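**Student:** Please read through the structure below; I'll follow up with questions.
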Amino acid sequence: MCDRCGCGEPVDHGPASPTREIAVGERLLADNDRVAAHNREHFAARGLLAVNVMGTPGAGKTALLEATSRATAGRWRMAVVDGDQATARDRDRIAATGAAATQVETGLGCHLDARQVHDALHALWPGDADVLFIENVGNLVCPALFDLGEGLRVVVTSPTEGADKPVKYPPMFRAADVVVLNKIDLLPHLPFDLAEWRNHLAAVNRRAAVLLLSALTGDGMPGWLAALARARGAAEVHP
């Protein structure tokens, strides 16, 4: 049982009932949504902003979290759950900035699910955190399908990926509350049409906030921090 928070949530799944047949994909998503709702209740009860950070390998998700940790040191208490198929390299990078961090190695899994986040939180137990970042496995497909209980969905992309990614992977970009175009310091050196990228993004998602920044140079970081502050304020006001 979930003994750290007293929620009564089982840590391991029991066997499926042999008397009922159900599509595996349907059952998987239904169970995930149940655990995600449980996660969301915990986040809301603590006024904790949980941010699901998604994007391709190399888009700069970890670099953005490193820069965020350094920029908010002494003001926000930041915790991070890092998801990767192998190694704890990203966790170690984040921990080196002073943030609490834990790693989930997914093996052949191409995304984090709500159960993995739930169990990782028991290892991390960010009870005094202000913001929890969930850095998802680098992938523009599967992570968009799984609710983790987060309050904010962020997609990090970069000009090295090309301007057409929003229309090639619409479910991912459609799910985003915030789309971050990272590595803008590379724009002068790449055949990347920013107007074309904006048009493609607008074709699938007009509601998302769009932020242009460089986690490396710090350009545009104030806009990112302001977006987080607004979302954090909303999480605190509506526990």
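**Student:** Tell me the angle of helix 24-45 to the major Cα principal axis of the chain, expressed in degrees between 0 and 90 and rounded to the nearest ten.
**Tutor:** Rounded to the nearest ten degrees, it is 80.
**Student:** Given a Förster distance of 45 Å, report the FRET efficiency between Ala73 and Arg27 from their Cβ-Cβ distance, rounded to the nearest 0.05. Can you show the working numbers first?
**Tutor:** On the way: r = 43 Å, r/R0 = 0.96.
According to the calculation, E is roughly 0.55.
**Student:** For helix 194-204, what angle does its Cα long axis make with the longest principal axis of the chain, in degrees from 0 to 90 and rounded to 10?
**Tutor:** The helix 194-204 is inclined about 30 degrees to the chain.
**Student:** Take peptides 182-190, 52-60 and line them up by average Cβ neighbours within 10 Å, highest first, as a rough protection proxy.
**Tutor:** On the way: 182-190: 16.2, 52-60: 22.3.
Put in order of decreasing packing, that is 52-60, 182-190.
**Student:** Just to confirm the number: angle between the C-alpha axis of helix 114-124 and the first principal axis of the chain, 0 to 90 degrees, nearest 10?
**Tutor:** Taking Cα atoms only, the helix is inclined about 90 degrees.
**Student:** Name the residue, out of Arg46, Arg153, Arg27, whose mean-square fluctuation peaks in a Gaussian network model built on the chain with Cα pairs under 10 Å.
**Tutor:** Arg27
**Student:** Express in whole angstrom the spacing between the alpha-carbon centres of segment 149-177 and segment 109-124.
**Tutor:** For segment 149-177 versus segment 109-124, the Cα centre distance is 21 Å.
Laboratory data are not the source of any read-out in this text; all were calculated from the coordinates shown. No experiment lies behind these values; they were computed from the predicted model shown. Backbone-built Cβ (ideal geometry, glycine too); neighbour counts: all protein chains shown.
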